[in-house]
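What follows is a single structure, written as structure tokens, with notes after it.
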Amino acid sequence: MALIQLEKLSKSYGRGNKAVPVLINLDFTFNAGEMLAITGKSGSGKTTLLNLIGAVDFADSGRYLFNGEEKRFRSVSDGVRFRAKHISFIVQHFALIDDFTVYENVLMSLWETPTKPHERKKKVLEVLERLEILDLKDKYPPQLSGGEKQRTAIARAIVRKPAIILADEPTGALDAAAEKNTMDILKELHAEGTGIIIVTHDPEIAAQCDRVFELSKG
Amino acid sequence: MSFILRNIRRMSFAHWKSNLLIFIEMAVCTAIFFIMLHNYTLAQHTYDQKLSGTVRAQRVAINLQDVTKFGELLPGSTLYDVAQKVQRDILESPDWVAYETFSLTSIPYSRDGFPTEIPEEFMEEFGYSDFCDTLLRGMLLYSPTYMTQNGLRVSEGRNFEDADFEEIDGPSPVIIGSELSPYLNVGDVITSSNTMDGINFFDRQAVVIGILEKDSFTVVQEGDVDINKTFVLPAAFADQGGSEFRLQALLSGGVIVPHDKNLDIQDKLNQITAKYGFYPFSIQPVNMNEVIDATIVSQKNLVLLSVLAILTSSLAILSVGTVLLRRTRKDTPNICIFLMSGIPLGKIMTSILIDLLFWGSLALLPSLMLSWTEYRAFLIPMWQLLLFHYGALLITYIPIIPTLGRINLDYNIRAGGE
Ligand SMILES: Nc1ncnc2c1ncn2[C@@H]1O[C@H](COP(=O)(O)OP(=O)(O)OP(=O)(O)O)[C@@H](O)[C@H]1O
Ligand SMILES: [Mg+2]
């Protein structure tokens, strides 16, 4: 069964006669454990779709089914609860808290889970180890390279073992080596059963996924 | 460490300038409010002490214009009969309340006549120590009106009644000043002794019926008279209850309190004296000036201080609120990252509130220290200060709520890279 099913989803930005439709009657399916690439031209609505999936933004019409159950997100808090249970985000610009250490940035993901404090610590250290940034744990993001920041962001995304990771151009700000490293990690997670949706306009990255969902403008 | 604590620690470093500003503003504002409150409390105290009750309207003391005429007022003479008619008209006039002035007396005191030893400071030293150990201060009254008209109340026992001023057998009633209360209780009987000014006080007894309220005083032409160490008695105790004494106490220094403040008292008195062909009176305001000044000054101060306090606190609330709002807006990218990571808005708001209360509470310290170093005690009601302080802080927090409630995550996440 599809893990996520979007039916006749529409989304426009702005109001009244200034409204710009971005997604119109879009149908979208995502199966559990799948690795999916969303591609399309710039401005075609890739980020918009990803934000709708992650309940960061809300559709104007259409149905959102998660595990066959209809979801109605109305407020920021609905989205927060939903993400805390099922979804992690990775964005192009990392979205790290500059005044938190690498350790704290990763720990952040576990604060709302029922994990016990000493287990949290263990889990965070494990993930940092796995992403080879354990020695950076007491550093602050401004002291890191782009690749290290992205690995911190990935660590934060995976530490609570979500069902799905949503990645919006995760390699957009990285060089070739760091890009490969990031993709390797994502593929590894996929192999472990985590569902992954990557927004990208790089055909090479799309080719590494199980399936490609192409958005055409309008 | 939970999110809330970590976030507060983060904000303390990241927003230290804002926090310092909040601290200083709240400290200054609360200190001003504290000083205002303190002055208010003091003024209130003065007011309670000096101006309690509504009885102290403008009042005048009356006297014969020619004081030598008193010599002619001998009981039995025609003039004496006329004077008694004048006395009755003055006492019974519907235009005012009139009462006799008090007279002071000294009560010879022998140590064995009292249940408890009374310390030296309550004694009057007249050098009569060969007659008795020493003398106590006594104040003689002619009617209970004196007590009510001067706002003199008892904190224990009862006040004087009309019956206390009639001919009575047995001990005379006495009301004692509050400072005497450690030595005498209601119901105690004191026995005077020896002869004073030709009066044989030997075995004369008085029973304590009441204790005056703390800080009692009475006003005469010359100013306030402290009566906290005084024994207040009906004049009969010192053989001065006779009608000639009562007459004298009214016509020479008796007090008139008009019902209508604009009443021409002199004119009314002239009508009475003209009616009986009696000597004219002069009137003189009883010295209430001090008291009236005190009221005006403290009322002015209170208004001024209140206006100042409202002004400063409004300014402080406005500026602390602005600082806090700007600080929170600047922190929006981080708040969005928290929301993306699944941390609920409620917890984020709580951490901001606790942070504010923490810095705000620090701002209380200067005022508390001021109170302690200045007065060695927290003189003012603490709850008022705390209510004001935390009330102001909570008001500054209010704009945060809709601002965070309206946050557009999508928009902020897209803007994240820039
Ligand atoms: N807040 C907004 N208000 C108005 N229009 C918006 C808003 N956010 C996005 N849009 C518009 O919606 C359209 C889709 O944007 P979106 O970011 O989803 O595109 P994208 O496919 O991710 O593009 P890119 O590949 O450049 O990231 C764009 O035309 C954009 O201008
Ligand atoms: Mg995009």
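The values are calculated or read from the model by the stated rules, or taken from the named source; none is laboratory data. These figures come from a predicted structure and were not determined experimentally. Glycine gets a Cβ as well: all are built from the backbone with ideal geometry, and neighbour counts include every protein chain shown.
Counting only residues that are touching a Pro at 6+ places or on another chain (Cβ under 7 Å), buried (at least 18 other Cβ atoms within 10 Å of the Cβ) and modelled with pLDDT under 90, how many does region B:128-163 have? Looking only at that region, the number is 2.
From the list A:ILE205, A:ILE197, the one residue that fits, being more than 14 Å from chain B (Cβ to nearest Cβ), within 16 Å of ligand 1 (Cβ to nearest atom) and within 26 Å of B:PHE338 (Cβ to Cβ), is A:ILE197. The helices (runs of 4 or more DSSP H) located wholly in region A:79-192 that include 3 or more residues which are closer than 17 Å to B:ARG10 by Cβ occupy A:102-107.
Within region A:66-117, restricting attention to residues that are under 22 Å from A:ASP27 (Cα atoms), hydrophobic (A, V, I, L, M, F, W, C) and out of contact with any Ser or Thr (no Cβ under 9 Å at 6 or more places or on another chain), which residue is modelled with the lowest pLDDT? Here the answer is A:PHE73.
The residues in region A:173-204 that are at pLDDT below 90, within 14 Å of ligand 2 (Cβ to nearest atom) and surrounded by 18 or more Cβ atoms within 10 Å (Cβ to Cβ) can be counted, and the count is 0.
All conditions in (1) surrounded by fewer than 21 Cβ atoms within 10 Å (Cβ to Cβ); (2) within 16 Å of ligand 2 (Cβ to nearest atom) hold for A:ASP168, with the sole exception of (1). Kindly indicate whether A:SER10 is more than 24 Å from A:GLY193 (Cβ to Cβ) and within 14 Å of another protein chain (Cβ to nearest Cβ). It is false that A:SER10 is more than 24 Å from A:GLY193 (Cβ to Cβ) and within 14 Å of another protein chain (Cβ to nearest Cβ).
Would region B:410-417 turn up any residue that is within 16 Å of ligand 1 (Cβ to nearest atom), modelled with pLDDT under 80, part of a loop (DSSP other than H, G, I, E, B) and loosely packed, with under 15 Cβ neighbours inside 10 Å? Within region B:410-417, one or more residues are within 16 Å of ligand 1 (Cβ to nearest atom), modelled with pLDDT under 80, part of a loop (DSSP other than H, G, I, E, B) and loosely packed, with under 15 Cβ neighbours inside 10 Å. For A:ARG160, the conditions (1) away from ligand 1 (no atom under 16 Å from the Cβ); (2) within 14 Å of chain B (Cβ to nearest Cβ); (3) within 17 Å of A:PHE94 (Cβ to Cβ) all hold with the exception of (3).
Of the set (1) without any contact (Cβ under 8 Å) to a residue 24 or more places away in the chain; (2) crowded, with 21+ Cβ neighbours inside 10 Å; (3) not basic (Lys, Arg), all apply to A:SER109 but (1). Filtering region B:223-266 to residues that are β-branched (Val, Ile, Thr) and either within 25 Å of B:GLY157 (Cα to Cα) or surrounded by 23 or more Cβ atoms within 10 Å (Cβ to Cβ) (or both) leaves B:VAL225, B:ILE227, B:THR230, B:VAL232, B:VAL255, B:ILE256.
This table checks each residue for (1) within 15 Å of ligand 2 (Cβ to nearest atom); (2) in contact with a Lys or Arg (Cβ under 7 Å, 6 or more places away or on another chain).
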{"position": "A:LEU52", "(1), (2)": "yes, yes"}
{"position": "A:VAL56", "(1), (2)": "yes, no"}
{"position": "A:PHE66", "(1), (2)": "no, no"}
{"position": "A:ASP78", "(1), (2)": "no, no"}
{"position": "A:LYS85", "(1), (2)": "no, no"}
{"position": "A:PHE89", "(1), (2)": "yes, no"}
{"position": "A:ALA95", "(1), (2)": "yes, no"}
{"position": "A:PHE100", "(1), (2)": "no, yes"}
{"position": "A:LEU107", "(1), (2)": "no, yes"}
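Is it the case that region A:157-164 has a residue that's under 24 Å from B:LEU339 (Cβ atoms) and more than 15 Å from the chain's Cα centre (by Cα)? Checked region A:157-164: no residue is under 24 Å from B:LEU339 (Cβ atoms) and more than 15 Å from the chain's Cα centre (by Cα).
Listed here are the residues, each with its yes/no results for (1) within 16 Å of ligand 2 (Cβ to nearest atom); (2) part of a strand (DSSP E or B).
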site: A:LEU23; (1), (2): yes, yes
site: A:GLY33; (1), (2): no, no
site: A:THR39; (1), (2): yes, yes
site: A:SER44; (1), (2): yes, no
site: A:LEU49; (1), (2): yes, no
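What about A:VAL22, is it in contact (Cβ under 8 Å) with a residue 24 or more places away in the chain, over 25 Å from A:ARG160 (Cβ atoms) and within 13 Å of another protein chain (Cβ to nearest Cβ)? The answer is yes for A:VAL22. Of note, A:LEU96 satisfies the criterion of being on the phi < 0 side of the Ramachandran plot, within 13 Å of chain B (Cβ to nearest Cβ) and hydrophobic (A, V, I, L, M, F, W, C).
Scoring A:LYS149 on the criteria (1) within 18 Å of A:ILE97 (Cα to Cα); (2) within 16 Å of ligand 1 (Cβ to nearest atom) leaves a single failure, condition (2). Restricting attention to region A:43-81, the residues being closer than 24 Å to A:PRO170 by Cα, of a type outside the set (A, V, I, L, M) and within 13 Å of another protein chain (Cβ to nearest Cβ) number 11. The residue that is farthest from ligand 1 (Cβ to nearest atom), among those in region A:28-79 that are buried (at least 18 other Cβ atoms within 10 Å of the Cβ) and without any contact (Cβ under 8 Å) to a residue 12 or more places away in the chain, is A:VAL76.
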